[in-house]
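Just so it is clear, none of the values below were taken in a lab; they were calculated from the coordinates. This one's a predicted model, so the numbers in the text were calculated from it and none came from an experiment. Virtual Cβ from ideal backbone geometry, glycine too; neighbours counted across all protein chains shown.
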Amino acid sequence: MPSFANPFQGNVKGKMSNAELMQALRLDIASELEAIFLYDAHYLATDDPAAKAVLGDIRDEEKAHVGELITLMRYLDPKEADSFFHGENEVKEMLEELGMSDSDSEKAINHRVGSLKED
Ligand SMILES: [Fe+2]
C-alpha cells in the first residue's frame, strides 16, 4: 500500500552493498506482487471494457517487473540464483512424476495467460 505520509520512507543513505541491495530487491518484489494483486482485484471487479484493458495491461507490466527484479537478483547473487534453480528443478521433477513434461507445463502456463487476456 502507498505510504505517502512519510515522503522520505524509501530514501537510502549512501550506497548499498550487494547484500543490502538484495534485501531491498526482496522488498521491491513484494511491492510488485502487491501491485499485481491490487490491479487484478480491480480488474476482476469491473465489467467496463476500458477499465479492464487498462488495469489488465498495468497488472501484466507489474508481472514483467517481477521478472526483471528476479533476473537482477540472479545477476547480483549467483548463490541465490542456485536456490531459484533448485526450486525450479524440484517442480520439474514433480511434473515428471505426474506425467507432465516441461512442454506440457509451458502449454498450461501459456493457456492460462491467454485465458486472462480473453476476459
Ligand atoms: Fe512495477
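Here are the numbers:
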| read-out | value |
| --- | --- |
| Unique match (being without any contact (Cβ under 8 Å) to a residue 24 or more places away in the chain, away from the ligand (no atom under 16 Å from the Cβ), closer than 30 Å to Ser103 by Cα and among the acidic types (Asp, Glu)) among Glu20, Glu68, Glu80, Glu88 | Glu88 |
| Qualifying residues in region 39-86 (those that are farther than 17 Å from Asp28 by Cβ and outside any helix (DSSP H, G or I)) - the one nearest to the chain's Cα centre (by Cα) | Ala45 |
